[in-house]
């Protein structure tokens with residue numbers, strides 16, 4: 001029996017089609033994997049299902065009812081629960097207060113029936129086989145406990161269908177095992193799951209069936225048992241899987257940067273040597289220390305021990321400013337939080353870093369800056385009407401190019417890029433890749449942290465794979481494949497299993 | 001596309017952006033009418049004179065609010081600095097210093113002492129990361145109470161007054177300073193001119209220097225500013241020190257204009273008027289947005305309200321109700337105005 005049928009769903013945002021006649025059929029009591037690259041339309045499809053967006057055309061039937069145009073509250077009532085990647089919990093409230101938020105049990109006089117709520121929490125936690133104290137403050141919970149709490153909330157809402165959006169990104173292997181146990185338990189009780197993930201081994205472990213989307217189009221659906229990771233991957237990535245498009249080997253310069261037994265918060269004993277003009281990819285699962293490593297080199301986080309040599313000189317970093325003087329630039333992850341100065345114009349955003357280096361000349365020469373802006377705009381292909389518009393008026397990809405320009409203006413030689421294509425659409429991503437390779441060709445040294453292996457395949461000369469803070473493998477360009485990287489990044493998949501997938 | 005329209009707006013002229021000029025013009029018109037033709041040029045220049053001290057505090061407050069903080073101690077710094085300056089003045093007079101030296105030393109002392117008082121706030125807020133609201137609330141209490149305590153604890157020959165006041169002792173030095181404080185250049189009051197000149201300097205700094213841009217960047221997104229290499233901690237310290245310096249200049253003006261300080265009343269509530277002037281001037285309380293030029297008009301508007309009350313001969317105790325009401329009108333124009341415009345744009349889109 002099908003619990004959910006989404007038929008011929010189409011959706012466009014400001015004229016740009018995001019979904020084109022997508023079908024999704026989920027059977028009652030199964031775990032259904034929804035697969036696709038970033039930007040394939042998975043979240044839009046789920047947002048339509050949960051009532052965040054309304055489809056331009058198509059039909060959604062859930063549990064025999066047409067819910068095509070229902071609101072968020074209505075879809076919740078019908079029994080659809082979305083466990084978001086970013087958890088929607090109140091850190092300053094207790095566990096049971098979170099679960100019962102806005103659904104509190106009260107006496108007729110309006111007094112909270114705390115004991116009853118706590119009992120009910122305990123019952124559900126017993127059912128899930130977890131031991132969380134309902135009186136604990138949520139901020140003290142671990143990432144996996146918070147995840148469990150979200151699922152518990154869904155159970156209290158008597159959800160029939162749970163959407164898990166990349167639920168394992170913040171979890172350790174052990175915690176993932178535990179989460180899957182819970183999923184299996186609830187599945188046995190008849191709950192249906194839509195499971196969104198990029199991690200193939202997990203998908204094969206937990207799912208019964210799958211649907212693949214690519215560029216907003218329905219590609220394929222079927223039983224997990226009838227397919228392989230290889231097949232699914234090629235359906236997911238399609239023609240963009242080819243790597244030879246833009247990458248070509250270049251002569252590299254001498255060693256520019258070397259790390260010897262460098263340790264810091266979240267990473268240990270890093271040994272690396274980077275040559276001038278090289279694009280070095282670093283990757284690993286969430287929490288493997290790649291981002292922390294870059295932040296430490298830039299001076300945002302302290303380096304505890306070890307020796308860093310840049311350009312033949314020992315480099316002791318104590319501040320961001322010191323790193324910048326040594327011609328190091330850092331494009332942080334989370335653009336909105338760490339890069340965007342929302343109340344300032346494109347031009348001002350582009351020059352804020354350069355200004356800190358040239359503060360011996362305190363007065364701004366706008367003509368000069370406008371001239372250079374023209375050059376950068378051309379070089380980086382920034383699509384902006386005028387430099388005086390607010391930076392937030394640009395699309396994500398163009399904003400990111402502005403921040404590339406911000407650092408190029410400091411005349412940095414070493415570019416540390418932390419997830420540079422996060423939240424950028426596919427077309428703009430390709431432009432960023434080209435840009436990175438162009439910069440490398442011009443002699444800049446680039447270190448890119450990315451969790452998207454296809455990305456590294458397209459641009460990296462070498463790739464260092466991190467596992468819980470250490471480099472476990474250094475791959476040459478030709479060795480970078482999703483399977484090899486995953487194998488080392490998880491450090492748990494043994495070679496045989498990797499071959500099988 | 002409607003998106004482009006919004007973009008075009010920013011470069012062009014929009015009334016909401018300059019509401020402070022309109023408010024000032026409207027108030028001035030009311031003042032002109034209520035004075036029933038009695039308004040002379042001196043009456044107009046007096047607005048400038050009476051704005052000077054609060055204006056200095058407002059400029060400091062403006063800087064603090066631009067970086068997303070606040071300084072509740074501006075009035076107390078001004079008062080404490082003026083008291084200390086008065087004590088030094090009396091001591092120097094008693095020591096028989098030449099007039100020019102006394103004047104010079106008082107000015108230097110007040111500027112440095114004000115900067116130090118602000119710097120103390122700055123270290124706690126910028127370096128230690130304490131909330132500005134609490135830190136400056138505490139320092140406000142401290143600075144004022146010290147001023148009051150010393151008025152009794154210090155010998156009368158330095159306070160210049162046996163009661164709880166500070167008075168500059170009669171003599172040539174006092175006369176020179178008084179003449180300066182109440183002097184005029186081309187019929188314009190000196191203190192008012194100093195305020196306008198310093199405001200113009202600060203406007204230039206805030207719009208045309210790298211330091212100025214940094215302040216807006218910190219107020220807009222301090223994490224991003226930090227990641228872009230801005231030394232957020234020390235920039236914050238510098239802003240509070242600068243605010244202290246501006247209060248110090250205000251205290252010199254006060255001494256020169258009044259020749260005495262009452263630690264119980266001088267500068268009381270001035271931080272509130274300064275905040276109001278800043279908000280009236282169109283600077284966003286959340287930081288990062290606005291123009292310092294608005295502060296000039298904001299501060300002037302508040303003086304005009306005082307004048308209107310005086311001209312109407314109504315009970316001066318109603319004064320603050322009117323100020324409060326005008327503040328509400330100003331904030332409604334600033335907050336509701338863009339919202340109305342946006343909803344119009346949205347409707348056009350649909």
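Quick note: the coordinates plus some simple rules give every number you see, no bench work behind them. Predicted model, so just to flag it, every value in this text is computed and none were measured. Reconstructed Cβ throughout: ideal geometry from the backbone, glycine too, with neighbour counts over all protein chains shown.
A few points about this structure:
- Distance between the modelled labels on residue B:197 and residue B:97, one decimal in nanometres: 2.2 nm (7 Å Cα→Cβ projection).
- Shielding value for A:328-340 is 3, the average number of Cβ atoms from other chains within 10 Å of each residue's Cβ.
- Largest to smallest principal axis extent of the C-alpha atoms in the protein assembly as shown, angstrom: 102, 76, 53
- Stretching residue A:77 away from residue A:438 to a fully extended chain increases their span by 124.7 nm, per 0.36 nm per residue minus the current alpha-carbon distance.
- The helix-based estimate of mean residue ellipticity at 222 nm for chain A, built from -39,500 (n - 2.57) per DSSP H run of four or more residues and divided by its residue count, is -10500 deg cm²/dmol to the nearest 500.
- Set of the range A:152-179 residues, backbone N closer than 17 Å to the point 7 Å along the Cα-Cβ line of residue A:102: A:152-159
- Approximate spin-label separation residue B:328-residue A:109, in nm, with each point projected 7 Å along Cα-to-Cβ: 3.7
- Extension gain for residue A:271 to residue A:388 (0.36 nm times residue separation, less C-alpha to C-alpha distance): 37.7 nm.
- Fraction of antiparallel bridges per DSSP, the protein assembly as shown only, in percent to nearest 5: 60
- The residues B:28, A:293, when put in order of fewest to most other Cβ atoms within 10 Å, stand as B:28, A:293.
- Proxy reagent accessibility, fewest Cβ within 10 Å first, across A:75, A:353: A:75, A:353
- Residue mean of other protein chain beta carbons inside 10 Å, A:373-386: 1
- Pairwise FRET efficiency - residue A:363 versus residue A:84, Cβ, R0 = 51 Å, nearest 0.05: 0.60
- Top of B:332, B:125, B:196 by mean-square fluctuation, Gaussian network on chain B, Cα under 10 Å: B:332
- Packing rank of B:90-96, B:161-167, A:325-331, where each peptide gets the mean count of other beta carbons within 10 Å, highest leading: A:325-331, B:161-167, B:90-96
- For chain A: relative contact order, % (alpha-carbon pairs under 8 angstrom, 6 or more apart): 14
- Largest mean-square fluctuation among B:294, B:282, B:37, in a Gaussian network model of chain B whose springs join Cα atoms under 10 Å apart, belongs to B:37.
- Segment residue A:21..residue A:286, full-extension length gain: 92.0 nm, with 0.36 nm per residue of separation and the alpha-carbon distance subtracted.
- Both numbers refer to the Cα atoms of the range B:142-228; Rg and Dmax are 21.2, 57 Å.
- Legend: mean number of C-beta atoms from other chains within 10 angstrom of residue C-beta atoms, peptide A:356-369, equals 3.
- Computed from the C-beta positions of residue A:314 and residue A:474 and an R0 of 25 Å, the FRET efficiency is 0.60 to the nearest 0.05.
- Relative contact order computed over chain B (Cα-Cα under 8 Å; 6+ residues apart), in percent: 35
- Amide N of the range A:1-44 lying under 15 Å from the label point, which is placed 7 angstrom from the Cα of residue A:184 along Cα→Cβ: A:31
- Calculated FRET value between residue B:105 and residue B:141, using beta carbons and R₀ = 22 Å, to 0.05: 0.15
- Relative contact order for the range A:2-241, counting Cα pairs under 8 Å that sit 6 or more residues apart, in percent: 28
- Residue order, fewest to most surrounding Cβ atoms within 10 angstrom, among B:83, B:97: B:97, B:83
- Inter-probe distance in nm under a simple model that places probes 7 Å from Cα toward Cβ, at residue A:326 and residue B:44: 6.2
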